[in-house]
Amino acid sequence: MPRKLKPDAWIAAAALALLVAGVLNVTSSAGVIIQGSTVAFITRQIVLSLFCAAALFAFMRFDVRPVLRHPYFPWLYWAATAALAFLFLLPAYKEVHRFVKLGGFLLQPSEFAKIIVVLMVARLLAEREYREALVPVGTHLAIPFLLILLEPDLGISGLLLVTVFAMALLKGMPWRQVALAAAAGTLVVAVAIAAVGYRMDRLQKFVAGTEEQTLSAKIALGSGGLFGKGIGGSHQKFFYLSKPHTDFAYAILGEEFGLAGTLFILGLYGVIFWRGLALARALGGSVEGYAAFGLTLLLTIQAFIHISVNVNIVPPKGITLPFVSYGGSSLLASTLLVGILLSLSMRRP
Amino acid sequence: MSRRFPLFYLVMGTWMLILALRLGQIQVLQHEHYLARSLHTQRVEEFVRRAEILDRNGRLLAGSETGFSLSVALDTRSAAFTPEDLQEVARCLRLPLDQVKAAAAKRSGYSVVTRKAEYGQIQALRALGHKGLLLPLQHQRVYPYEGLTEHLLGFVDYKEDGQAGLERFYDARLKGRPGAKMILRDSRRASYDLDQVLEAPVPGTPLETTLDIPLQHVGTEALAKLDAVCRPEWASATVMDPRTGAILAHAIWPPLDPGARGQARDERLASHPFEPGSIVKPLLAEAALARGVARPDETIWCGHGAVTLLGRTIKDHAVFDDLTFTETLMFSSNVGCIKWGQRLSGADFMEALHRFGLGRKTGIDLAPESPGSLPPARRANELARAYMSIGQGLSVTHAQVLRAYAALANGGFLVTPHFAADFKEERKAAADPGALRILRNILFQTVEAGSGKKARLDGVAWAGKTGTAQKAVPGRGYVPGSYVSSFVGWFPVDRPQALVLVVVSEPRGVFYGSEVAAPVARDIAHYLNLGGRLGETI
């Protein structure tokens with residue numbers, strides 16, 4: 001039954017509010033991080049945020065359903081995977097294979113790849129019974145997962161793993177397999193941590209409560225109090241937090257805007273989760289339904305992990321806060337993700 | 001598929017709840033705790049070194065150096081002291097152990113042990129190398145020409161703020177502007193330098209003066225000889241370039257007590273006016289010549305040593321009968337000068353004094369400056385004018401005398417006496433060139449054959465005038481036997497390069513300006529004339 005095209009206003013509003021928070025975050029932190037070219041730094045983020053806001057509205061008019069259902073969609077998946085593999089052929093940037101220099105920008109392909117993998121998995125799950133989907137889903141997950149893990153980027157690879165696992169769970173994964181997968185996942189994570197020195201080191205410090213970054217994140221949040229120190233009032237950003245504009249954006253916002261600010265931001269991700277899942281339910285067991293579900297979880301789980309690290313209830317793991325953290329790739333990927341959600345929401349049955 | 005949706009709501013909802021509770025715990029319950037540990041910014045001033053004061057040849061007159069302060073303090077907040085440490089500190093400082101322990105007992109970032117350590121003790125403490133020992137550095141103003149310049153340069157306080165003399169007048173310029181930067185502090189640790197400069201420090205601009213130290217020394221030595229001659233209350237000798245107003249030397253006697261630098265100030269030059277006596281006569285002579293009421297060779301009846309005006313008799317210092325106009329000045333006849341002075345109208349008389357800058361500030365770079373005093377026109381009756389003709393009943397500062405005589409010397413321009421080499425000069429025409437030509441010749445003869453003879457020196461063409469004024473003491477009027485004697489003159493007479501003013505207050509025994517002041521001027525001229533040093537110095 002045809003109905004009037006109307007996007008989900010809640011998701012759109014939440015995404016826009018987060019974009020504003022992102023500009024505030026970068027404006028506040030930039031002076032410390034980039035010496036000399038602060039204005040260029042801030043300007044870049046503002047211009048990019050404005051572009052993203054515009055892109056959101058432009059993108060929702062575009063019907064993504066034919067793309068998702070297109071027989072050549074797997075080629076997009078393989079292209080993304082190839083891009084991830086291609087990173088290892090490039091010289092390492094800051095000792096990791098995460099970025100590709102494109103013009104003046106550092107692009108992080110895994111930010112986009114994770115979305116394409118979730119969409120690919122959504123296709124696989126929607127087209128098959130669970131039993132037949134298990135192996136293709138597993139392989140389609142494993143290849144990019146391992147590539148990202150080897151970059152090394154435990155944050156995004158782990159996020160991808162958890163999201164795809166949740167999608168499989170929704171499809172009807174038997175509880176016996178759930179237990180098995182959980183055990184296997186734990187093992188993989190444990191190995192990934194144990195294999196790399198600095199991760200183990202961080203974990204030990206976290207357990208001992210002496211981890212410098214998370215301590216200062218707590219100081220930032222705690223000293224912010226109920227209403228914070230005001231825009232630009234953060235002091236922890238100066239050097240306690242090594243990445244105030246990316247991995248600890250939430251703590252800095254908490255210092256400047258207090259509990260009021262942190263709960264508001266948390267609530268915005270809650271809104272996206274609630275409306276995203278409602279959308280997935282409305283779309284049912286279709287490709288679009290699984291896509292909406294996967295993308296919603298991808299965004300909110302990432303946000304929740306970032307916040308959990310900032311409030312020090314999970315070991316420190318560098319991961320950006322969608323829309324808020326500085327970084328072009330992260331911002332563009334979040335925009336793409338919400339753009340797809342909005343596009344789907346406009347055309348739900 | 002939809003059967004499992006509630007599971008996700010439950011998991012994510014729980015997660016979100018945990019996060020919210022955790023945020024409440026950190027941001028509300030533990031707020032005080034973390035606030036105390038948080039960093040806060042603090043603005044600190046960054047010291048800039050006070051700039052130097054130099055003489056005209058670049059000799060250092062005042063400079064700032066970094067040295068140890070003599071205080072010793074303990075940082076008991078961030079460093080720990082064992083009993084052995086304290087014993088060592090007490091031993092190095094030779095202080096009772098209890099005093100050191102008392103300082104260590106205070107919880108403070110800067111607990112003072114003593115403010116009077118000795119240099120060797122500071123060195124010994126440095127050798128201990130304890131990081132809680134605070135041995136601050138401090139800037140110190142040094143004056144290499146102690147005994148010659150302190151009355152001019154003044155002094156600075158412990159913050160290096162100028163308190164007197166040139167140090168005060170040029171304080172802002174010498175000090176520059178301290179910078180400011182932001183540092184971070186937290187309650188546990190010391191500060192963190194952010195390298196965040198709020199205001200860049202602006203260093204002070206060195207003050208190059210017009211002073212010439214050797215000449216200053218010569219002036220001081222010449223004055224010192226007066227002690228044996230007349231034991232004056234005080235005396236001063238000033239040398240200025242009459243073409244520009246640049247002061248080359250200003251020596252005083254007795255010298256200031258070097259131990260009492262805190263009181264080091266000499267305001268004679270600009271702020272202590274005195275009654276000038278006969279040295280005012282040439283200024284009025286210029287007016288009489290310019291107005292055409294007197295000619296140099298006309299004869300004036302000098303009253304046989306006295307003149308009576310409005311019932312008051314004014315005596316001369318010697319008995320003169322007939323003198324030419326020129327001779328009234330050469331021999332400084334009071335009656336003669338009163339006589340031709342009477343030919344000037346009251347307005348012309350006062351105008352002449354004003355024209356030469358008496359009664360108003362010169363603009364010299366010393367503060368405070370006094371304008372001296374001239375009686376108002378309505379009170380300047382015939383008797384008052386008669387007294388003013390001989391330099392009594394009005395008061396002038398040294399700076400005003402220098403300025404007026406510079407105009408006589410340089411062809412009639414008022415210059416501003418000054419010490420700073422880059423002083424913005426102002427020149428104003430003040431006198432009649434024709435009258436000045438005649439007057440210069442009269443003043444030349446005054447030194448050659450008149451009252452200024454004792455300043456005469458072979459090879460030096462002086463033009464000068466002596467003065468001997470009775471000194472008025474507030475409340476007591478003129479005190480018998482209390483004089484201010486002076487000599488002021490320049491050379492070479494036609495191409496003036498140096499103007500010398502010598503003032504001797506309360507000479508005893510011999511007291512005439514011609515006897516006590518003129519010889520000092522001769523000594524100065526002798527030095528300047530030696531081996532062509534005149535051209536070299538000025």
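The values are calculated or read from the model by the stated rules, or taken from the named source; none is laboratory data. Being a predicted model, the structure only gives us computed values, none of them experimental. In this analysis, Cβ positions are derived from the backbone assuming ideal geometry, glycine residues included, and neighbour counts consider all displayed protein chains. Calculation scope for accessible area: heavy atoms of the full protein, side chains included, ligands and nucleic acids excluded. Shrake-Rupley method; radii C 1.70, N 1.55, O 1.52, S 1.80 Å.
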>> Criterion first (under 23 Å from B:Ser485 (Cα atoms) and hydrophobic (A, V, I, L, M, F, W, C)) does B:Leu329 satisfy it?
In response: yes
> Looking at B:Gly489, B:Gly477, B:Gly509, which is the one that is assigned by TED's automatic domain parsing to the domain that holds B:Tyr405 and buried (at least 24 other Cβ atoms within 10 Å of the Cβ)?
Replying inline: B:Gly489
> What number goes with the only condition from (1) modelled with pLDDT of 80 or more; (2) in contact with a strand residue (DSSP E or B) (Cβ under 6 Å, 6 or more places away or on another chain) that A:Thr81 does not pass?
Replying inline: (2)
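What number of residues within the stretch A:295-322 are under 24 Å from A:Met120 (Cβ atoms) and not polar (S, T, N, Q)?
As a first pass, look at the stretch A:295-322 and keep what is under 24 Å from A:Met120 (Cβ atoms): A:295-305, A:319-320, A:322.
Filter once more, so that each one left must be not polar (S, T, N, Q): A:295, A:297-299, A:301, A:303-305, A:319, A:322.
So the answer is 10.
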> Out of all the residues in the stretch B:129-153, which are closer than 30 Å to B:Pro83 by Cβ, surrounded by fewer than 13 Cβ atoms within 10 Å (Cβ to Cβ) and not charged (D, E, K, R)?
Replying inline: B:Gly129, B:Pro136, B:Leu137
> If a residue has to be open to solvent by 20 Å² or more (accessible area, probe 1.4 Å) and either assigned to a loop (DSSP other than H, G, I, E, B) or without any contact (Cβ under 8 Å) to a residue 40 or more places away in the chain (or both) to count, how many in the stretch B:72-95 make the cut?
Replying inline: 12
> So which of B:Arg22, B:Arg56 is over 29 Å from B:Leu198 (Cβ atoms), open to solvent by 40 Å² or more (accessible area, probe 1.4 Å) and at the interface with chain A (Cβ under 10 Å from one of its Cβ atoms)?
Replying inline: B:Arg22
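Give the residue that is most open to solvent (accessible area, probe 1.4 Å), with candidates limited to residues of the stretch B:368-392 that are among the small types (Gly, Ala, Ser) and more than 29 Å from B:Ala251 (Cβ to Cβ).
In this case the residue turns out to be B:Ala377.
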> For the subset of the stretch A:286-318 comprising residues that are assigned to a loop (DSSP other than H, G, I, E, B) and farther than 28 Å from A:Ala133 by Cβ, which member is modelled with the highest pLDDT?
Replying inline: A:Val311
> Within the stretch A:133-155, is even one residue out of contact with any Lys or Arg (no Cβ under 6 Å at 6 or more places or on another chain) and within 14 Å of another protein chain (Cβ to nearest Cβ)?
Replying inline: yes
> Restricted to the stretch A:155-171, and to residues that are open to solvent by 30 Å² or more (accessible area, probe 1.4 Å) and touching a residue at least 40 places away in the same chain (Cβ under 8 Å), which residue is nearest to the chain's Cα centre (by Cα)?
Replying inline: A:Val162
>> Tell me yes or no: at least one residue of the stretch A:37-48 is among the small types (Gly, Ala, Ser), modelled with pLDDT of 80 or more, out of contact with any Leu (no Cβ under 6 Å at 6 or more places or on another chain) and assigned to a helix (DSSP H, G or I).
In response: no
> Out of all the residues in the stretch A:245-253, is one or more surrounded by fewer than 24 Cβ atoms within 10 Å (Cβ to Cβ) and either in a helix (DSSP H, G or I) or modelled with pLDDT of 90 or more (or both)?
Replying inline: no
> Taking helices (runs of 4 or more DSSP H) that fall entirely within the stretch A:49-148, which contain at least 2 residues that are closer than 15 Å to A:Tyr290 by Cα and either out of contact with any helix residue (DSSP H, G or I) (no Cβ under 9 Å at 6 or more places or on another chain) or open to solvent by 70 Å² or more (accessible area, probe 1.4 Å) (or both)?
Replying inline: A:65-69
> Of the residues that sit in the stretch A:305-333 and are without any contact (Cβ under 8 Å) to a residue 60 or more places away in the chain and surrounded by 23 or more Cβ atoms within 10 Å (Cβ to Cβ), which one is nearest to B:Ile26 (Cα to Cα)?
Replying inline: A:Ile307
>> I'm told B:Gly13 meets every condition in (1) more than 30 Å from A:Lys171 (Cα to Cα); (2) modelled with pLDDT of 80 or more except one. Can you identify the failing condition by its number?
In response: (1)
> Scanning the stretch B:408-428 for residues that are part of a loop (DSSP other than H, G, I, E, B) and of a type in the set (A, V, I, L, M), which turns out most open to solvent (accessible area, probe 1.4 Å)?
Replying inline: B:Ala421
> Restricting attention to the stretch B:304-349, which residues are without any contact (Cβ under 8 Å) to a residue 24 or more places away in the chain and aromatic (Phe, Trp, Tyr)?
Replying inline: B:Phe320
> Does the stretch A:286-299 hold any residues that are within 11 Å of chain B (Cβ to nearest Cβ) and either open to solvent by less than 10 Å² (accessible area, probe 1.4 Å) or under 12 Å from A:Val118 (Cβ atoms) (or both), and which are they?
Replying inline: A:Gly289, A:Tyr290, A:Phe293, A:Thr296, A:Leu297
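Filter the stretch B:373-394 for residues that are out of contact with any Phe, Trp or Tyr (no Cβ under 9 Å at 6 or more places or on another chain) and either assigned to a loop (DSSP other than H, G, I, E, B) or under 15 Å from B:Pro282 (Cα atoms) (or both) and give the result. Talk me through it step by step, then tell me what you get.
Kept after step one, since they are out of contact with any Phe, Trp or Tyr (no Cβ under 9 Å at 6 or more places or on another chain), are these residues of the stretch B:373-394: B:373-379, B:381-384, B:386-387, B:390-391.
B:Leu374, B:Pro375, B:Pro376, B:Asn381, B:Ala386, B:Tyr387, B:Ile390, B:Gly391, listed by residue number.
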> Can you tell me which residue in the stretch A:268-285 is nearest to the chain's Cα centre (by Cα), limited to those that are at the interface with another protein chain (Cβ under 9 Å from one of its Cβ atoms) and part of a helix (DSSP H, G or I)?
Replying inline: A:Tyr269
